[in-house]
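Heads up: the structure comes next, in structure tokens.
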Protein chains: 2
Amino acid sequence: MELEKITNKKNAKPKRWYTDACGTALALEFFGERWSLLIMRELMLGPRRFSDLKDDLHGISANILTQRLEGLEHSGIVVRRKLPPPANIQVYELTPWGYEAEPIFQTMGRWATRSPAHDPMLPLSAVSAMLSLRTMILEDREPVSMVLVFRFGENVFTGRLDKKELQIERGAVEKPDIVFDTDTTTFITLVYGKRSITDAEREGRLRLTGERELVQKFIDCFSLPEKIIT
Amino acid sequence: MELEKITNKKNAKPKRWYTDACGTALALEFFGERWSLLIMRELMLGPRRFSDLKDDLHGISANILTQRLEGLEHSGIVVRRKLPPPANIQVYELTPWGYEAEPIFQTMGRWATRSPAHDPMLPLSAVSAMLSLRTMILEDREPVSMVLVFRFGENVFTGRLDKKELQIERGAVEKPDIVFDTDTTTFITLVYGKRSITDAEREGRLRLTGERELVQKFIDCFSLPEKIIT
DNA sequence: CTGTATCCGTGTTGATACTG
DNA sequence: CAGTATCAACACGGATACAG
């Protein structure tokens with residue numbers, strides 16, 4: 001009886017398979033369950049610990065997060081890593097292949113935000129806000145280069161904008177051209193043009209460092225796709 | 001009591017929401033449930049009827065297909081259309097916005113097929129086979145143009161390859177350069193180089209019309225991404 | 001503090017049978 | 001052919017308890 005219980009837990013996964021050679025179907029085997037893709041999103045900008053993920057994925061419960069991380073690890077998308085002492089904590093990190101899933105987020109994001117149902121005032125994680133920049137960056141933009149720091153409470157990122165792309169990594173660099181210190185919702189309403197910088201500053205939602213002209217040049221590099229006509 | 005039951009069925013959907021401004025999360029609200037994305041895939045190359053979908057989506061049950069089609073219709077991704085007499089049948093079709101989801105299939109397909117778990121010998125729908133061509137077409141290929149017909153039993157497609165792209169639509173054109181008449185698994189093993197044309201013909205799995213040299217040029221336009229190193 | 005395991009109520013999924 | 005009804009199995013999320 002005991003043995004049977006253990007056996008059931010380990011093997012004999014009665015998971016439902018699509019049994020389809022199509023790449024999309026296979027991708028869904030990997031991350032088609034609820035939360036999996038959003039966990040991957042939260043890991044796209046570097047390793048996180050369990051409680052970071054739990055906090056940023058509003059509404060996920062601990063047991064589900066454990067299951068999903070196990071599944072993603074099993075699929076070769078996530079690795080569990082123990083940081084060396086003195087940190088000595090465990091983090092979850094994407095594998096190189098996992099990091100290569102970013103275009104999936106970009107195509108899904110570009111497509112879905114055209115829906116009238118898209119509500120940018122809903123809560124947004126810091127990683128989502130950063131990834132949205134890489135998703136919504138304009139192909140044919142002014143060739144401008146700059147280094148930026150983005151502060152969303154605990155979550156701090158450095159962005160390097162050049163002609164080719166916007167690189168983003170965790171942590172702050174020494175002498176950036178621009179520093180945003182704000183919340184994610186205010187930030188994206190600024191970038192996508194629903195709110196003015198001065199308004200946000202007056203309301204105490206934003207502390208901004210850097211030349212206003214350069215900030216505007218940065219903002220002009222991004223644009224949400226047009227809404228669909230219904 | 002009766003009223004309550006009706007009310008529960010129509011409104012009061014206690015569906016679980018991510019409540020997240022992220023575009024990926026919104027996309028998952030639309031097609032994150034099991035089967036939804038694969039239904040969209042089957043519709044990508046033109047309208048289908050209920051039973052076509054049920055047959056091609058191996059393993060889906062009728063009630064789930066009904067629910068998913070309702071959901072996709074509600075989200076503005078699918079429309080239900082009644083063909084005029086004498087056909088007089090009902091079909092499901094993607095909206096223009098629905099058709100624009102194709103890049104999602106492409107990024108997911110390119111990413112997932114790099115997994116060692118990808119098994120091209122599993123069953124593959126005719127639409128999947130055709131979409132895989134559009135997914136795996138090489139950017140920097142020989143500038144070659146041709147018109148092809150693909151026959152997979154009932155499912156017949158015409159492809160138009162030019163410098164820019166491979167267009168695909170349902171139905172056969174009059175004088176194509178090449179005709180493939182085969183099953184989907186044989187077809188993709190041919191295109192992605194696991195099987196030779198002559199072997200497939202000898203085994204009776206393939207009937208091919210057209211100059212062999214041109215066929216080879218066609219095949220050379222496509223390539224599966226490299227497997228990940230584990 | 002950082003997870004992990006278990007129980008439990010509810011909602012979702014799917015196989016079968018059935019109806020217009 | 002195009003779905004609906006029913007019911008059983010499973011997945012989800014919350015709470016709680018536990019381990020390092």
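Nothing in this text is a laboratory measurement; each read-out follows from the coordinates by a stated rule. Computed from a predicted model, the values in this text were never measured in an experiment. Here Cβ is always computed from backbone atoms with ideal geometry, including for glycine, and neighbour counts include all displayed protein chains.
Treating the beta-carbon of each Lys and Arg as +1 and of each Asp and Glu as -1, no other charges, what is the dipole magnitude of the protein assembly as shown about its Cα centre, to the nearest 20 debye?
I would put it at about 980 debye.
Using Cα springs under 10 Å in a Gaussian network model of chain A, which residue among A:Ile197, A:Ile188, A:Ile60 shows the largest mean-square fluctuation?
A:Ile60
Which whole number gives the average, over all residues in A:33-42, of C-beta atoms from other chains lying within 10 Å of the residue C-beta?
Mean shielding count: 3.
Taking the stretch A:183-227, which GluC sites (Glu not before Pro) meet the DSSP loop condition and have no more than 16 other C-beta atoms within 10 Å?
In loop regions of the stretch A:183-227 (DSSP not H, G, I, E or B), the sparsely surrounded GluC sites (Glu not before Pro) are A:Glu203, A:Glu211, A:Glu226.
Using the Cα gyration tensor of the protein assembly as shown, with a ≥ b ≥ c the square roots of its eigenvalues, what is the shape: rounded (a/c below 1.5), prolate (a/b larger than b/c) or oblate (neither)?
In terms of gyration-tensor shape, prolate.
Compute the separation of the alpha-carbon centres of the stretch B:118-192 and the stretch B:21-45 and state it in Å as a whole number.
24
In peptide B:71-80, how many Cβ atoms from other protein chains are near each Cβ within 10 Å, on average?
1
Provide A:Met44, B:Met108 in ascending order of the number of other Cβ atoms located within 10 Å of each residue's Cβ, fewest first.
Placing the least packed residue first, the sequence is A:Met44, B:Met108.
Charges only on Cβ, +1 for Lys and Arg, -1 for Asp and Glu: so what's the dipole of chain B about the Cα centre, in debye to the nearest 20?
560
Using a Gaussian network model of chain A whose springs link C-alpha atoms within less than 10 Å, name the residue from A:Leu28, A:Leu148, A:Leu206 with the highest mean-square fluctuation.
Per the Cα network of chain A with a 10 Å cutoff, A:Leu28 tops the list.
Take the alpha carbon gyration tensor of the stretch B:134-230, find the square roots of its eigenvalues, order them as a ≥ b ≥ c, and report rounded if a/c is under 1.5; if not, report prolate when a/b exceeds b/c, else oblate.
oblate
Anyone know which of A:Ile104, A:Ile219, A:Ile39 comes out most mobile in the 10 Å Cα GNM of chain A?
Greatest mean-square fluctuation among the candidates belongs to A:Ile104.
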